[in-house]
Amino acid sequence: MAAADDVNRLRESTGDERWESVEFRGEHTLRVPVEALHPVLATCRNDLGYAMLLDISGVDHLGDEPRFEVVYQLAAADDSKRLRVTTRVGEDQAVPSAVDLWQAADWHEREVWDLLGIGFAGHPNLKRILMWEGYPYFPLRKDFPLAGRPTDLPDVAFTGVAPLEGGPFVATAGAPNTVLREPRSRAGD
């Protein structure tokens, strides 16, 4: 069964007219309302053979309402078919977590939360994964300034001498092969 058949099967099973499906260059996308997202993902995994969650990403449609779109990339274990499932959510709206369906959703959802501020209801450990705890902004939002925002975090970057410069290990960047380019002890020189 191809992804197009799966999309038709999912749409027919509910009869929901709000579900939109798009086919572009052989890739199939199913757009569902947020309240139908978790049941659709569960059906994809349990009944339609999408055993792998490849990615979860977020898109900021600044100026549109709802503002955000969450995109799930699914694949069959043998990679014979792929399906994209998307939903739109507002700024203060949470998406149901898919961690109970795929463990891989854990870090993907944390990344989307950390960088865009899209919450995932039912996530077992929704905390920052790239930015530090307490950082008040979401840097992948389109209204985040390119120059960044001031923070109370002390300067951790430095422009002085690197701490290992002149240390016990040395790498030869221009060596003819990877063995000679590997860092090694100066004592062996």
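The values are calculated or read from the model by the stated rules, or taken from the named source; none is laboratory data. Everything quoted here is computed from the prediction, not taken from an experiment. Note that each Cβ is placed from the backbone with ideal geometry, even for glycine, and that neighbours are counted across all protein chains shown.
Can you name the number of the only condition in (1) of a type outside the set (Phe, Trp, Tyr); (2) assigned to a loop (DSSP other than H, G, I, E, B); (3) touching a strand residue (DSSP E or B) at 6+ places or on another chain (Cβ under 8 Å) that Gly63 fails?
(3)
Which numbered condition in (1) out of contact with any Ser or Thr (no Cβ under 9 Å at 6 or more places or on another chain); (2) of a type outside the set (Val, Ile, Thr); (3) under 18 Å from Gly26 (Cα atoms) is the only one that Glu91 fails?
Evaluating Glu91 over (1) out of contact with any Ser or Thr (no Cβ under 9 Å at 6 or more places or on another chain); (2) of a type outside the set (Val, Ile, Thr); (3) under 18 Å from Gly26 (Cα atoms) leaves (3) as the failure.
Yes or no, residue by residue, for (1) buried (at least 18 other Cβ atoms within 10 Å of the Cβ); (2) part of a loop (DSSP other than H, G, I, E, B); (3) not β-branched (Val, Ile, Thr):
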position: Glu91; (1), (2), (3): no, yes, yes
position: Val95; (1), (2), (3): yes, no, no
position: Val99; (1), (2), (3): yes, yes, no
position: Leu115; (1), (2), (3): yes, no, yes
position: His123; (1), (2), (3): yes, yes, yes
position: Trp132; (1), (2), (3): no, yes, yes
position: Tyr135; (1), (2), (3): no, yes, yes
position: Phe138; (1), (2), (3): yes, yes, yes
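Please identify the pairs in which a residue from the stretch 84-110 that is closer than 26 Å to Ala2 by Cα has its Cβ atom under 6 Å from the Cβ atom of a residue that is polar (S, T, N, Q) and crowded, with 16+ Cβ neighbours inside 10 Å, counting only partners at least 6 apart or on another chain.
Arg84/Thr29; Arg84/Gln73
Mind counting the residues in the stretch 2-42 that are closer than 13 Å to Ala75 by Cα and either part of a loop (DSSP other than H, G, I, E, B) or in contact with a Ser or Thr (Cβ under 8 Å, 6 or more places away or on another chain) (or both)?
Total meeting the criteria: 3.
Residue by residue through the stretch 1-35, note down the ones that are touching a helix residue (DSSP H, G or I) at 6+ places or on another chain (Cβ under 8 Å), of a type in the set (A, V, I, L, M, F, W, C) and without any contact (Cβ under 8 Å) to a residue 24 or more places away in the chain.
Once the filter is applied, which keeps residues that are touching a helix residue (DSSP H, G or I) at 6+ places or on another chain (Cβ under 8 Å), of a type in the set (A, V, I, L, M, F, W, C) and without any contact (Cβ under 8 Å) to a residue 24 or more places away in the chain, the stretch 1-35 yields only Trp19.
Residues Arg82, Arg67, Arg31: which one is surrounded by 16 or more Cβ atoms within 10 Å (Cβ to Cβ), modelled with pLDDT of 90 or more and in contact with a His (Cβ under 7 Å, 6 or more places away or on another chain)?
Sole residue among the options that is surrounded by 16 or more Cβ atoms within 10 Å (Cβ to Cβ), modelled with pLDDT of 90 or more and in contact with a His (Cβ under 7 Å, 6 or more places away or on another chain): Arg67.
Take the stretch 123-146 and flag every residue that is of a type in the set (A, V, I, L, M) and either within 20 Å of Ser97 (Cα to Cα) or more than 15 Å from the chain's Cα centre (by Cα) (or both).
Within the stretch 123-146, Leu126, Ile129, Leu130, Leu146 meet the criteria.
So Val71 fits all but one of (1) in a strand (DSSP E or B); (2) more than 21 Å from the chain's Cα centre (by Cα); what number is the exception?
(2)
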